[in-house]
1. Can you report the number of residues in the range 59-77 which are surrounded by fewer than 16 Cβ atoms within 10 Å (Cβ to Cβ) and either under 18 Å from Val2 (Cα atoms) or touching an Asp or Glu at 6+ places or on another chain (Cβ under 7 Å) (or both)?
2. Given the conditions (1) within 23 Å of Gly80 (Cα to Cα); (2) part of a helix (DSSP H, G or I); (3) at pLDDT 95 or above; (4) more than 12 Å from the chain's Cα centre (by Cα), which single one is not true for Ile9?
3. Taking only the range 13-23 into account, find how many residues are assigned to a helix (DSSP H, G or I) and over 16 Å from Met75 (Cα atoms).
4. Residues that are modelled with pLDDT of 90 or more and over 14 Å from the mean Cα position of the chain (by Cα), at least 3 per element: which helices (runs of 4 or more DSSP H) completely within the range 47-90 meet that?
5. Count, please, the residues in the range 24-46 that happen to be of a type outside the set (Lys, Arg), part of a helix (DSSP H, G or I) and within 10 Å of the chain's Cα centre (by Cα).
Amino acid sequence: MVDSSAPKIIGVWLMDKPKELLYKLAESDNLWERRISMLATLHFIKNGQFEDTLKIADLPLGDDHDLIHKAVGWMLREIGNRDQNRLKEF
């Protein structure tokens, strides 16, 4: 449910707002909140905005849960599908 709803609800809502909520969720102790922070950025990616995704992707490097690493990989792949050079720069 998180995977399909985060981009459509939180991502859409935050599109033209400050993104502090995403960064707060990214540092949460709750697995699902951390995953939401990453997956919500899919809406930004689809609209050509990659910066918040790339900043949040750096945060969970030490995360011990595979669902977070999978979410980061998925969003990085989505960026690469749209702009391979930007992904390579990252």
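1. Here the count works out to 7.
2. The single condition Ile9 does not satisfy is (1).
3. Summing the residues that are assigned to a helix (DSSP H, G or I) and over 16 Å from Met75 (Cα atoms) in the range 13-23 gives 4.
4. So the answer is 66-82, 84-89.
5. Within the range 24-46, residues that are of a type outside the set (Lys, Arg), part of a helix (DSSP H, G or I) and within 10 Å of the chain's Cα centre (by Cα) number 9.
The values are calculated or read from the model by the stated rules, or taken from the named source; none is laboratory data. Remember, it's a predicted structure, so these values are computed and weren't measured experimentally. Positions of Cβ are backbone-derived with ideal geometry, glycine not excepted, and every protein chain shown enters the neighbour counts.
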